[in-house]
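Take a look at the structure below.
The values are calculated or read from the model by the stated rules, or taken from the named source; none is laboratory data. Quick caveat, the model's predicted, so the values are computed rather than measured. Every residue, glycine among them, receives a Cβ derived from its backbone with ideal geometry; neighbour counts consider all protein chains shown. Each accessible area value is taken on the protein alone, full model and side chains, heavy atoms only, with ligands, DNA and RNA left out. Shrake-Rupley method; radii C 1.70, N 1.55, O 1.52, S 1.80 Å.
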Amino acid sequence: TLRDLGQSDPYLHTGRMDSIKSVIQFYRNFSNKARNGNARNIASEIRDISLNDGSVAPLDAFLHSLNEDYTD
């Protein structure tokens, strides 16, 4: 689920990313490597990711907008 994603760091299965923006950049870079033939054994969905510089901030903001403000 993506709900409350902005409050669930660290990210990735290794916990090596500390922000959503860094995860977006990781997948952006990795998909570029995949399209250029510089990555092995990757899912086609990764290869299909295509974000330009102007797309990163809006995607980051959208994912943070899914945070919930829990009150009792």
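Starting from residues that are out of contact with any helix residue (DSSP H, G or I) (no Cβ under 8 Å at 6 or more places or on another chain) and in a helix (DSSP H, G or I), keep the ones in the stretch 58-69 and report whichever is modelled with the lowest pLDDT. The extreme case among them is SER65. Every condition in (1) exposed (fewer than 12 other Cβ atoms within 10 Å of the Cβ); (2) on the phi > 0 side of the Ramachandran plot; (3) not aromatic (Phe, Trp, Tyr) holds for ASP4 except the one numbered (1). Listed by first and then second residue, the pairs linking a residue in the stretch 36-65 that is within 14 Å of VAL23 (Cβ to Cβ) to a residue that is charged (D, E, K, R) and open to solvent by 90 Å² or more (accessible area, probe 1.4 Å), with Cβ atoms under 7 Å apart and 6 or more places separating them unless they lie on different chains, are VAL56/LYS21; ASP60/LYS21. When the stretch 7-52 is limited to residues that are over 12 Å from the mean Cα position of the chain (by Cα) and among the β-branched types (Val, Ile, Thr), the one that is least open to solvent (accessible area, probe 1.4 Å) turns out to be ILE42.
Out of the stretch 1-53, which residues are acidic (Asp, Glu), modelled with pLDDT of 85 or more and either touching a Leu at 6+ places or on another chain (Cβ under 9 Å) or outside any loop (DSSP other than H, G, I, E, B) (or both)?
As a first pass, look at the stretch 1-53 and keep what is acidic (Asp, Glu): 4, 9, 18, 45, 48, 53.
Filter once more, so that each one left must be modelled with pLDDT of 85 or more: 18, 45, 48, 53.
Answer for the stretch 1-53, where residues must be acidic (Asp, Glu), modelled with pLDDT of 85 or more and either touching a Leu at 6+ places or on another chain (Cβ under 9 Å) or outside any loop (DSSP other than H, G, I, E, B) (or both): GLU45, ASP53.
Of everything listed in (1) out of contact with any helix residue (DSSP H, G or I) (no Cβ under 9 Å at 6 or more places or on another chain); (2) without any contact (Cβ under 8 Å) to a residue 24 or more places away in the chain, the single unmet condition for ASP9 is (1).
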